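Down below is the structure, laid out as structure tokens.
We did not get these values from a lab; they are worked out from the coordinates using the rules stated. Treat the numbers as computed from the prediction; the structure is a model and nothing was measured. Cβ placement follows ideal geometry from the backbone for every residue including glycine, while neighbour counts extend to all protein chains displayed.
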Amino acid sequence: MLGLKLPTDPRWVNIAEQNIKEILIDHAFCEQKAASNAISIIVQHPEYSDLVTEMAALAKEELSHFEMVHEKIKSRGWILGRERKDAYVNDLLKFVKKGGSRIEALVEKLLFGALIEARSCERFRILSENIQDQELAEFYRMLMVSEANHYTLFLSFARKLGEGIDVNKRWQEFLDYEASVIAQYGNKETIHG
């Protein structure tokens, strides 16, 4: 369903389980950045009312996910700590085309968002199916559904607003590039690591 070209090795969960604290902290910052991204799209493209409405709802949902993850962190006696950089996201950003028209830039941003949501959804599924901590397994199962909805939201807006752009071709290019990027990951206790 997600179209990802290279699935995560389920053994990544073994790495994640070695430092649940780090996974949760990294996850919290992923949710915060997702909320910020939705707000950024609103600020940069206020002329698309439907998009603004959906991104406002998305920002609220992502912030609520941040709060849920933060509660998990606190309930285990930990603190959020400093922001973690996401090398995976930074590697994906290198593929985003610069310049072009406003609509081309928007489509790039939407496809970039769809890809991150798709990979997050896949990682949450793997966690939900393989992690020993049953509380976190249920938590990640619930979040997996949301991430799938976010992925389809971004992709459908790219297709809807990308008039004159071969969005499906560009999406396949994103998927191919992401496969080459994710091949370098899967060895750290971070959501995309």
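What FRET efficiency comes out for the pair residue 40/residue 180, r = Cβ-Cβ distance, R0 = 30 Å, nearest 0.05?
Working: r = 26 Å, r/R0 = 0.87.
Between residue 40 and residue 180 the formula returns 0.70.
Hey, which lysines would be in cross-link range of residue 74, C-alpha to C-alpha under 19 Å, not counting anything within fewer than 8 residues on its own chain? Filter leaves 21.
Projecting the Cα atoms of 19, 7, 32 onto the charge dipole of the stretch 1-42, computed from C-beta unit charges around the Cα centre, puts 7 farthest toward the positive end.
Here each label is just a point 7 Å from Cα along the line to Cβ, and for residue 130 and residue 75 those points are 2.4 nm apart.
With the simple model of a label 7 Å out from the Cα in the direction of the Cβ, residue 68 to residue 187 spans 3.2 nm. Counting every alpha-carbon pair across the stretch 35-104, the share separated by more than 19 Å comes to 55%. Candidate cross-link partners of residue 94 among the aspartates and glutamates, defined by an alpha-carbon separation under 18 Å and a same-chain spacing of 8 or more, comprise 86, 104, 108, 117, 173, 176, 178. Ignoring lysines fewer than eight residues from residue 97 along the same chain, the ones with Cα atoms less than 27 angstrom from its Cα are 5, 33, 85, 109, 160, 169.
Please build a GNM for the chain, connecting alpha carbons under 10 Å apart, and tell me which residue among 133, 166, 26 fluctuates the most. Evaluated over the chain, the most mobile residue of the options is 166. Taking 135, 62, 22 in turn, the Gaussian network model of the chain (Cα-Cα springs below 10 Å) assigns the largest fluctuation to 135.
Counting only C-alpha contacts under 8 Å and six or more residues apart, can you give the relative contact order of the chain as a whole percent? Intermediate values should be presented prior to the final figure.
On the way: 220 pairs, mean separation 63.9, N = 193.
Relative contact order for the chain comes out at 33 percent.
Every helix of 4 or more DSSP H residues in the chain counts as -39500 (n - 2.57), and over all residues that averages to -24500 deg cm²/dmol at 222 nm.
Its alpha carbons considered, the stretch 76-188 gives a radius of gyration followed by a Dmax of 16.1, 52 Å. With a cut-off of 13 Å between beta carbons, the residues surrounding residue 170 carry a summed charge of -2, where Lys and Arg count +1 and Asp and Glu -1. Electrostatic bookkeeping for residue 43 treats Lys and Arg as +1 and Asp and Glu as -1; over the other residues with beta carbon under 14 Å from its beta carbon, the sum is +1. Given +1 at the Cβ of Lys and Arg, -1 at the Cβ of Asp and Glu and no other charges, the dipole of the chain around its Cα centre is 400 debye to the nearest 20.
Computed over the alpha-carbon atoms, the stretch 14-75 gives an Rg to Rh ratio of 1.14, Rh here being the Kirkwood radius from the mean inverse distance.
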